[in-house]
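The next block holds one structure in the form of structure tokens; read it before the comments.
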Amino acid sequence: MTRLSVNLNKIALLRNSRGSNYPDLIQVAKDCERFGAQGITVHPRQDERHCKFADLPLLKEACTTEFNIEGFPDKHFLDAVIKVKPHQCTLVPDDPNQLTSDHGWDTIARKEFLTEIISELKKNGIRVSLFIDADTKLIEGAAKVGADRIEYYTGPYAKNFPANPEAAVKEIKESCAVAVHAGLGINAGHDLNLENLKYLKDNLAQLDEVSIGHALICDSIYLGLENTIRLYLNKLA
Ligand code: PXP
């Protein structure tokens, strides 16, 4: 089974744009779960332009499925994650000013940094996933630093999918076998949508979770949130 974790960044962005609590992030999280989502993801950044750190305990309390917090592990982020204890923490190597995540970890160059942080998170009972490019050396590195899972950065897959789906999925498909052999769970996220999701799922030996935000929230403007979540779930069935 592949779990659908809905990334609520865009809901938080909309709420923040007016300084009020509308839409209510916590209610939307509950509604996503009611409509069938099997997880909720947020990405608190230093500037809090999406989810705010104050949202985290409320989301943890509200979530009845799996709560995933993703982000760059600076001290402020790690303290917040360890306090809230989500089911999963996805570590992402992005700069504070980055528009969106656009590459995975260099698990070889950052070996010591990651080993220490992952060990601390796991001591606190939090499953750790590392955002990663489809590169076997970096994936083997992810296993060595103690990650439980990897999350494939699927931006390049999504970009190349319309022209040539087979070529687009090749590196992820091949490196996935290495990751599974190394005992890693497999997540994927970024730019996944109703067109490219099923092909990715069908081509991977294992896919434990996808985390989808931008396209899903855009689709829901036209299709409604309940219907949209059902359509994404159908692609993963
Ligand atoms: N995974 C990570 C690590 C991300 O940073 C994001 C975007 O916040 C996503 C998944 C979801 O990407 P998208 O919004 O394109 O679905």
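The values are calculated or read from the model by the stated rules, or taken from the named source; none is laboratory data. Values in this document were obtained by computation on a predicted structure and should not be read as measured data. When we count neighbours, we look across all protein chains shown, and the Cβ atoms used for this are built from the backbone with ideal geometry, even at glycine. These accessible areas exclude ligands, DNA and RNA; they are computed on the full protein's heavy atoms, side chains included. Shrake-Rupley method; radii C 1.70, N 1.55, O 1.52, S 1.80 Å.
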Top-ranked residue in region 157-183 [being touching a helix residue (DSSP H, G or I) at 6+ places or on another chain (Cβ under 7 Å) and within 16 Å of the ligand (Cβ to nearest atom); ranked as most open to solvent (accessible area, probe 1.4 Å)]
Asn160
Matching residues, region 140-156, being in contact with a helix residue (DSSP H, G or I) (Cβ under 9 Å, 6 or more places away or on another chain) and closer than 15 Å to Pro93 by Cβ:
Gly141, Ala142, Val145, Ala147, Ile150, Tyr152
Being part of a helix (DSSP H, G or I), over 30 Å from Leu14 (Cβ atoms) and in contact with a Lys or Arg (Cβ under 9 Å, 6 or more places away or on another chain): is that true of Gly146 here?
no
Quick check: anything in region 73-88 within 15 Å of the ligand (Cβ to nearest atom), in contact with a strand residue (DSSP E or B) (Cβ under 9 Å, 6 or more places away or on another chain), touching a residue at least 24 places away in the same chain (Cβ under 8 Å) and under 16 Å from Val210 (Cα atoms)?
yes
Selected residue [away from the ligand (no atom under 16 Å from the Cβ) and touching a residue at least 12 places away in the same chain (Cβ under 8 Å)] from Val145, Val128:
Val145
Does region 104-125 hold any residues that are open to solvent by 60 Å² or more (accessible area, probe 1.4 Å) and within 25 Å of Gln38 (Cα to Cα), and which are they?
Lys122, Lys123, Gly125
Identity of the residue in region 184-221, assigned to a loop (DSSP other than H, G, I, E, B) and open to solvent by 50 Å² or more (accessible area, probe 1.4 Å), that ends up farthest from Asp148 (Cα to Cα)
Glu195
Leu231 being modelled with pLDDT of 95 or more, away from the ligand (no atom under 12 Å from the Cβ) and not basic (Lys, Arg):
yes
Going residue by residue through region 185-203, is there one that turns out to be among the charged types (D, E, K, R), in contact (Cβ under 8 Å) with a residue 12 or more places away in the chain and within 19 Å of Gly36 (Cα to Cα)?
yes
With Glu226, Glu140 as the choices, which residue is touching a residue at least 12 places away in the same chain (Cβ under 8 Å), more than 16 Å from the ligand (Cβ to nearest atom), in a helix (DSSP H, G or I) and within 24 Å of His43 (Cα to Cα)?
Glu226
